[in-house]
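Colleague: I have a structure I would like to understand better, so I am pasting it below and will then ask my questions one at a time.
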Amino acid sequence: IMAIYLDYNASAPIDERVLERMVDVYRSHYGNADSRTHIFGTDAKEIVASARKTIAEILAVDSTDVFFTSGSTESNNMAILGLLDYALESGRNHFITTSIEHKSVLESMKHLQEKGCVVDFVSPDTSGRIKPKQILDLVTDKTLLVSMMHVNSETGVIQPIEEVGAALAGTKTYFHVDATQGFGKLNGSLRNAKYNMLSITAHKLGGPQGIGALIIRRDRTYRRPPVKQLMYGGQQERGYRPGTTPVALVAGFALAAELCNKEASDHMGKCKAIKQNFMEAIQGLNYTLNGDQEYCLPSTVNISFRGVDAEGIFLAVKEDYAFSNGSACNSGSHTPSYVLTAMGLDEARISEAVRISWNHNTVVDFSALVDYIKSIT
């Protein structure tokens, strides 16, 4: 029997409609979008332009603000490391982020520190939610960038990007949002938020792995943040990112985003029902939920079963379920979750924590999990 997949925050299975679209592009539209001398190139270019427009419309930005990348990790690197030269030249070398960000943000910020920039890492309390004041109190006239995630991948806790963005909007400080887990689920919030740069990816919302985008918006004077390219070798993506545009991946990304945008309220309703079903199934067990549930996505639960080691759970129920105890970027290491550590949870609770994440199509019976926990407590 196949285990039930419950690790959607790491990667979601591809939507069949998206796969069909991609296969069609691979089969029939195989030109290079930058080949200007023949119809195959023009055809590919039109598919890319249409996809760019779709994503721009979902986010209510200009289509010239959408730059395709290989995913959020690359987008985050571009948004942060792309500002290094400007930070050093201008003396505005102060950056602010949170200690619960994805590793692609944390490692990029550490690299900036090594290059002589000053970085503040803000930690939440046990709620897992950063308070806007914690960030805003640190902003000075030397602060070049604040980088903050929209939704935490381990806890599912939604961060206050709208409040922080609104406060920074009138200042010279740029605001970057890592919307990896929020795009396709909380698009209304992203449309309302004021930001300069935004990272998104396809594989969390039923699109293909290996494609994402960085939104780089212009300000009132039509200037973009002074981001420099990190790679060289071509004028694709208007010089920000060289390399042949993967037309089928771009088309798949746009369709996945469009479907999620159209079907969001239906998806959220179904996810909520699964969470309710989970909470009912575990009634009577000794557990603690990690992260403030008032601000939590309905498709994620991070939970510690008292006295039950997470590694033991994975081994015991691996025939029935596939879930994890944190973000995939960290799963190679057996160190305790840095997100839960930053929230100030104690070691025992962290070692007992599992993250379960699903989507609207998930059909799951939690009784095998409950039976196992009952059997050893």
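Colleague: Among the residues of the range 70-86, write down those that are part of a helix (DSSP H, G or I) and in contact with a Pro (Cβ under 9 Å, 6 or more places away or on another chain). Even if it seems obvious, please write down each step before you answer.
Modeller: Within the range 70-86, the subset part of a helix (DSSP H, G or I) is 72-81, 84-86.
Passing the criteria: ALA79, ASP85, TYR86.
Colleague: For the range 349-370, enumerate the residues that are part of a helix (DSSP H, G or I), surrounded by 12 or more Cβ atoms within 10 Å (Cβ to Cβ) and out of contact with any Ser or Thr (no Cβ under 7 Å at 6 or more places or on another chain).
Modeller: Kept after step one, since they are part of a helix (DSSP H, G or I), are these residues of the range 349-370: 349-351, 367-370.
Filter once more, so that each one left must be surrounded by 12 or more Cβ atoms within 10 Å (Cβ to Cβ): 349-351, 368-370.
Once the filter is applied, which keeps residues that are part of a helix (DSSP H, G or I), surrounded by 12 or more Cβ atoms within 10 Å (Cβ to Cβ) and out of contact with any Ser or Thr (no Cβ under 7 Å at 6 or more places or on another chain), the range 349-370 yields SER351, ALA368, LEU369, VAL370.
Colleague: Which condition does THR300 not pass, out of (1) farther than 21 Å from LYS270 by Cα; (2) modelled with pLDDT of 95 or more, if it passes all the others?
Modeller: Of everything listed in (1) farther than 21 Å from LYS270 by Cα; (2) modelled with pLDDT of 95 or more, THR300 misses just condition (1).
Colleague: Evaluate the range 27-43: report whether one residue or more is in contact (Cβ under 8 Å) with a residue 24 or more places away in the chain, of a type in the set (Val, Ile, Thr) and part of a helix (DSSP H, G or I).
Modeller: no
Colleague: Separate question: With respect to ARG92, determine if the residue is more than 30 Å from SER28 (Cα to Cα), touching a Lys or Arg at 6+ places or on another chain (Cβ under 6 Å), open to solvent by less than 50 Å² (accessible area, probe 1.4 Å) and not in a helix (DSSP H, G or I).
Modeller: Against the criterion (more than 30 Å from SER28 (Cα to Cα), touching a Lys or Arg at 6+ places or on another chain (Cβ under 6 Å), open to solvent by less than 50 Å² (accessible area, probe 1.4 Å) and not in a helix (DSSP H, G or I)), ARG92 qualifies.
Colleague: Something else now. Mind listing whichever residues of the range 169-194 are outside any loop (DSSP other than H, G, I, E, B) and crowded, with 24+ Cβ neighbours inside 10 Å? Even if it seems obvious, please write down each step before you answer.
Modeller: So in the range 169-194, the residues outside any loop (DSSP other than H, G, I, E, B) come out as 174-178, 187-192.
Within the range 169-194, TYR174, PHE175, HIS176, VAL177, ASP178, LEU190 qualify.
Colleague: Still on this structure, I have one more. Within the set of pairs 6 or more residues apart or between chains, which connect a residue that is over 22 Å from ASP309 (Cβ atoms) inside the range 272-291 to a residue that is part of a strand (DSSP E or B) and at pLDDT 95 or above with Cβ atoms less than 7 Å apart?
Modeller: LYS275/VAL301
Colleague: Out of the range 27-41, which residues are within 28 Å of THR73 (Cβ to Cβ) and loosely packed, with under 14 Cβ neighbours inside 10 Å?
Modeller: TYR30, the sole residue that qualifies.
Colleague: Oh, and also: Can you spot a residue in the range 303-318 that is open to solvent by 40 Å² or more (accessible area, probe 1.4 Å) and touching a Lys or Arg at 6+ places or on another chain (Cβ under 7 Å)?
Modeller: no
Colleague: Right, another one. Given the structure, is ALA342 in contact with a helix residue (DSSP H, G or I) (Cβ under 7 Å, 6 or more places away or on another chain), aliphatic (A, V, I, L, M) and more than 27 Å from HIS267 (Cα to Cα)?
Modeller: no
Colleague: Condition first: touching a Leu at 6+ places or on another chain (Cβ under 9 Å) and closer than 24 Å to THR201 by Cβ. Now tell me which residues in the range 123-151 satisfy that.
Modeller: Passing the criteria: GLY128, ILE135, LEU145, VAL146, HIS150, VAL151.
Colleague: So which of VAL151, VAL157, VAL139, VAL146 is buried (at least 24 other Cβ atoms within 10 Å of the Cβ), β-branched (Val, Ile, Thr) and more than 17 Å from SER337 (Cα to Cα)?
Modeller: VAL146
Colleague: Taking LEU19 and the conditions (1) aliphatic (A, V, I, L, M); (2) under 19 Å from ILE211 (Cα atoms); (3) open to solvent by less than 60 Å² (accessible area, probe 1.4 Å), which numbered condition does it fall short on, given that it satisfies the others?
Modeller: If we test LEU19 against (1) aliphatic (A, V, I, L, M); (2) under 19 Å from ILE211 (Cα atoms); (3) open to solvent by less than 60 Å² (accessible area, probe 1.4 Å), just (3) comes out false.
Colleague: Looking only at the range 89-120, filter to residues that are of a type in the set (Asp, Glu) and free of Cβ contacts under 8 Å to residues at least 24 places away in the same chain; which one of those is nearest to SER70 (Cα to Cα)?
Modeller: GLU107
Every residue, every condition in (1) over 13 Å from THR69 (Cβ atoms); (2) open to solvent by 40 Å² or more (accessible area, probe 1.4 Å); (3) touching a residue at least 40 places away in the same chain (Cβ under 8 Å); (4) not acidic (Asp, Glu), yes or no:
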position	(1), (2), (3), (4)
LYS204	yes, no, yes, yes
ILE211	no, no, yes, yes
TYR222	yes, yes, no, yes
PRO225	yes, no, yes, yes
GLN229	no, yes, yes, yes
VAL247	yes, no, yes, yes
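The values are calculated or read from the model by the stated rules, or taken from the named source; none is laboratory data. No experiment lies behind these values; they were computed from the predicted model shown. A quick note on method: Cβ atoms are made from the backbone with ideal geometry, for glycine too, and the neighbour counts reach across all protein chains shown. Heavy atoms of the whole protein, side chains included, go into the accessibility calculation; ligands, DNA and RNA do not. Shrake-Rupley method; radii C 1.70, N 1.55, O 1.52, S 1.80 Å.
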